[in-house]
Amino acid sequence: YLRIMKRKLIITNDGSSSIFIPEMDETYHSSHGALQEAVHVFIKNGLNAIDKKEIAIFELGFGTGLNALLTLEASRNKEIQIDYTGIEAFPVEHELINSLNYTSLIAGDFENDFLKMHDISWDESHAIAKQFSLKKIHAKIQEVNIGVSQFDLIYFDAFGYRAQAEMWDVGIIQQMYDALKEGGVLVSYAARGQFKRDLKAVGFKIEALPGPPGKREMTRATKGSNQ
């Protein structure tokens, strides 16, 4: 149903753009700052917690591609190889993508890489840069088998519970657990009590970490024993 909903460009408090869906009263990122939220949750507390030179990442909710872009930037800075898979049921229109200002806010020239992420064909893997490959799956997570023990890291970046409760179902959380390798990590901006209880119920070890600006907490969950 997102396909027919109106989406409009907004600027968040840190100067970075995001997208707002009036009917759902939901933004794609924190209105306090899209860029700083993504860096804090997914890079600082996600990617930087994985001590490997080759990392397989799954993102639930590819959206604007901001998390993928920041991960590409990190792969270059840290000299790590990243194999990135994102799933998106309702792709963002190209005219909105072209209006996003992310590449002007991060150091380095990533404009072509960012546009390439959105231009590549769906459902197959493409080399975006020397150390970064991307596969975008055009489907709902409920319709896809993303495999078992495939990923080192999951970015759980679905819309909020109020807007899309079905994305926070324990069945999907179980799917995420199964898809991670032993010792793999899931990070999310969310810190709802039920979310954390469901993560624990399927076997995750939970850490409540300080959240990005405007949020008290975020969640990091690790599969199995800490190595």
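The values are calculated or read from the model by the stated rules, or taken from the named source; none is laboratory data. Quantities reported herein were computed from a predicted structural model and do not represent experimental measurements. Using ideal geometry, Cβ is built from the backbone for each residue, glycine included, and neighbour counts are taken over all protein chains shown. The protein model used for the area step is the full one, side chains on, heavy atoms only, and it has no ligands, DNA or RNA in it. Shrake-Rupley method; radii C 1.70, N 1.55, O 1.52, S 1.80 Å.
At a glance:
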quantity	calculated
Rel. contact order, % - alpha carbon contacts under 8 angstrom, at least six apart, the chain	19
Largest-first principal axis extents, alpha carbons of the chain, Å	43, 40, 33
Projected area, mean over directions - segment 1-93, Cα convex hull, nm²	6.2
Gain on full stretching of the segment that runs from Lys130 to Leu209 - 0.36 nm per residue minus C-alpha separation	25.2 nm
Alpha carbon convex hull of segment 176-219, volume per residue in cubic angstrom	67
Residues of the chain: accessible area per residue with a 1.4 Å probe, Å²	45
Phi to ³J(HN,Hα) by Karplus 6.51 cos²θ - 1.76 cosθ + 1.60 over segment 167-176, Hz, x for Gly, Pro	6, 9, 5, 4, x, 6, 4, 4, 4, 5
Highest to lowest packing among 128-141, 59-72, scored as the average C-beta count within 10 Å	59-72, 128-141
Antiparallel content of DSSP bridges confined to the chain, in %, to 5	50
Contact order normalised by residue count of segment 158-227, Cα under 8 Å, 6+ apart, percent	34
Inverse of mean 1/r across different Cα pairs in segment 78-153, Kirkwood, Å	14.0
Portion, in percent, of the accessible area of segment 37-100 that falls on carbon or sulfur, probe 1.4 Å	42
Sequence-distant aspartates and glutamates (8 or more away, or on other chains) whose Cα lies within less than 12 Å of Lys215	Glu37
Ranked packing of 51-58, 94-101, most packed first, by mean Cβ within 10 Å	51-58, 94-101
Segment 73-174: antiparallel DSSP beta bridges as a percent of all, rounded to 5	40
Relative contact order %, segment 17-115, counting alpha carbon pairs below 8 Å whose residues are six or more apart	27
For a label point 7 Å along the Cα-to-beta-carbon line of Gln81, residues of segment 7-50 with backbone N under 15 Å	none
Isotropic mean projected area of the C-alpha convex hull, segment 127-227 (nm²)	7.7
Rg/Rh ratio calculated on Cα atoms of segment 118-174 (Kirkwood radius)	1.00
Distance from segment 29-91 to segment 118-188 (C-alpha centre basis), Å	11
